[in-house]
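The values are calculated or read from the model by the stated rules, or taken from the named source; none is laboratory data. Owing to the predicted nature of the structure, the values given are computational and were not obtained by experimental measurement. Note that we place each Cβ from the backbone using ideal geometry, even for glycine, and neighbour counts take in every protein chain shown.
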Amino acid sequence: MATLLALIGAIWLLTIVVAGAAGVFEAGRGRPPLALLAALVVPPAVFLLAYRVSTEFRRFVLGLDLRLLTAVQIWRVLGGTFLFLYAFNLRPALFAFSAGLGDLAVGVAAVFVLLAMIDGHPNWRRRVLLLNLGGLLDFAGAVATGVLTSNSSLGFFAPATPMPSMGMLPLSLIPTFMVPLWIIIHYASLLQLRQAPAPATSRRQTAS
């Protein structure tokens, strides 16, 4: 299953790169960003469908290490790059601060949540839940502000000065690959919380 999923992931990434290079995700003024939104929504939807219909896939997802899934969220601090892009007038403020600060908050919070899991803190499950709900909420805000500040027909708050579109490579990899991948990780974590009530092994318990 891991090999199959790695192959699917590689094909997915290659497809996104080829489509981005061909300008598929460029909506342009007067048109809604349907292709970009489809690339964002379809992979998480396929994940949930596969989880529902495939017993083997469901078993694989529930067998993943929840601590590893939480640790992956630390990489969300890279979203702070949007603040860097804003400083060079490459991203509008509305989007940059929403996505950048939100990702930084999730990434930093993931460090403390992971430590709580490792130490077996009594409320670690609640913290994991809040981390993942907060991460999904951050993505919702980032997508909303990204669309509203885009060059598409929905860009009601698009800046007067033209900026690089999120539909252009390499920026297009963020909403079409990285964000849906992280959404899937959030979903996997939440599904584990619902299906696997056993607490994580604490460092203190192991030592004793």
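Could you go through segment 47-67 and let me know if any residue there is within 23 Å of S152 (Cα to Cα), loosely packed, with under 14 Cβ neighbours inside 10 Å and at pLDDT 90 or above. Taking every residue of segment 47-67 in turn, none turns out to be within 23 Å of S152 (Cα to Cα), loosely packed, with under 14 Cβ neighbours inside 10 Å and at pLDDT 90 or above. Every condition in (1) touching a residue at least 60 places away in the same chain (Cβ under 8 Å); (2) loosely packed, with under 15 Cβ neighbours inside 10 Å; (3) not hydrophobic (A, V, I, L, M, F, W, C) is met by N123 except one, and the failing one is (1). Answer with yes or no whether G100 is of a type outside the set (V, I, T) and within 27 Å of L5 (Cα to Cα). Judged against the criteria, G100 is not a match. Kindly evaluate F57 against the criterion of being of a type in the set (F, W, Y) and either touching a strand residue (DSSP E or B) at 6+ places or on another chain (Cβ under 7 Å) or free of Cβ contacts under 8 Å to residues at least 40 places away in the same chain (or both). No: the conditions fail for F57. Return yes when F88 is free of Cβ contacts under 8 Å to residues at least 40 places away in the same chain and surrounded by 15 or more Cβ atoms within 10 Å (Cβ to Cβ) and no when it is not. No.
Hey, which of the helices (runs of 4 or more DSSP H) in segment 1-87, taking only ones fully inside, have at least 1 residues that are at negative phi and small (G, A, S)?
2-21, 34-53, 66-72, 81-87
Of all residues in segment 138-157, those satisfying the criterion of being of a type in the set (A, V, I, L, M) and assigned to a helix (DSSP H, G or I) are A140, A142, V143, A144, V147, L148. Answer yes if at least one residue in segment 175-193 is of a type in the set (S, T, N, Q), in a helix (DSSP H, G or I) and more than 24 Å from L83 (Cβ to Cβ), and no otherwise. Yes, the conditions are met somewhere in segment 175-193.
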